[in-house]
Amino acid sequence: MNKERKMIEKNIELSAEFSRYLFDNPEFEETIPKDAELVLLPEFDAELKEFNTKMGKAMEAEGAKVVYVSIKQMRPKMHSRIEKVELASLA
C-alpha cells in the first residue's frame, strides 16, 4: 500500500472517531466555525500529523478557512459492547 493511501485510511478512521467525539460532546461542535475546513492533527501519530498539516496549508493557500484540531490521545480500539447474541427464525 502506498503512503498516500495509508494516510487516507488513517484519516477515515480518525474522522470517524472524531465524529463520535462530537456526538458525545455537542458543546465542542458549537465552537467550530460553520464555514471552516477541519484538519485533524493527531499528536500520537507524527507521520499522519505531518501529512495533515501539509494538506491544511495547501487548503489555506487556496483561500480556505482552516481550523486545526489537535488530538492529544486516543483510547485503544474497543470491541463491540454487544453481549449474548442469538439467531432466531421468525418464520
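Restricting to the stretch 32-57, name every residue that is open to solvent by 80 Å² or more (accessible area, probe 1.4 Å) and farther than 20 Å from Gln73 by Cβ.
Scanning the stretch 32-57 gives Lys34, Asp35, Glu37, Lys54, Met55, Lys57.
Limited to the stretch 16-31, what total is found for residues that are over 21 Å from Pro76 (Cβ atoms) and open to solvent by less than 50 Å² (accessible area, probe 1.4 Å)? Spell out how you get there, then give the answer.
Here is the first cut: in the stretch 16-31, the ones over 21 Å from Pro76 (Cβ atoms) are 26-31.
Now drop any that are not open to solvent by less than 50 Å² (accessible area, probe 1.4 Å), which leaves none.
Summing the residues that are over 21 Å from Pro76 (Cβ atoms) and open to solvent by less than 50 Å² (accessible area, probe 1.4 Å) in the stretch 16-31 gives 0.
Can you name the residue in the stretch 63-80 that is assigned to a loop (DSSP other than H, G, I, E, B), touching a residue at least 12 places away in the same chain (Cβ under 8 Å) and among the hydrophobic types (A, V, I, L, M, F, W, C) and, of all such residues, is farthest from Arg20 (Cα to Cα)? Steps first, please.
Initial filter on the stretch 63-80 (assigned to a loop (DSSP other than H, G, I, E, B)): 63-65, 72-80.
This time we only want the ones that are touching a residue at least 12 places away in the same chain (Cβ under 8 Å), so: 64-65, 72-74.
Still in the running and among the hydrophobic types (A, V, I, L, M, F, W, C): 64, 74.
Details: Ala64: 25, Met74: 12 Å.
Top of the filtered list is Ala64.
Looking at Glu83, Glu4, Glu13, Glu60, can you tell me which residue is open to solvent by 80 Å² or more (accessible area, probe 1.4 Å) and assigned to a helix (DSSP H, G or I)?
Values: Glu83 fails: assigned to a helix (DSSP H, G or I); Glu13 fails: open to solvent by 80 Å² or more (accessible area, probe 1.4 Å); Glu60 fails: open to solvent by 80 Å² or more (accessible area, probe 1.4 Å).
Result: Glu4 is the single residue among Glu83, Glu4, Glu13, Glu60 that is open to solvent by 80 Å² or more (accessible area, probe 1.4 Å) and assigned to a helix (DSSP H, G or I).
Scan the stretch 28-52 for residues that are under 24 Å from Gly63 (Cα atoms) and part of a loop (DSSP other than H, G, I, E, B) and jot them down. Don't jump to the end; show me each part of the working.
Restricting attention to the stretch 28-52, the residues satisfying the condition of being under 24 Å from Gly63 (Cα atoms) are 29-42, 48-52.
Of everything in the stretch 28-52, those that are under 24 Å from Gly63 (Cα atoms) and part of a loop (DSSP other than H, G, I, E, B) turn out to be Glu30, Thr31, Ile32, Pro33, Lys34, Asp35, Ala36.
The values are calculated or read from the model by the stated rules, or taken from the named source; none is laboratory data. A quick note: this is a predicted structure, and the numbers were derived from the prediction, not measured. Counting neighbours? That spans all protein chains shown, and the Cβs are built from the backbone with ideal geometry, glycine included. Note: accessible area is taken over every heavy atom of the protein model, side chains too, but ligands, DNA and RNA are not part of it. Shrake-Rupley method; radii C 1.70, N 1.55, O 1.52, S 1.80 Å.
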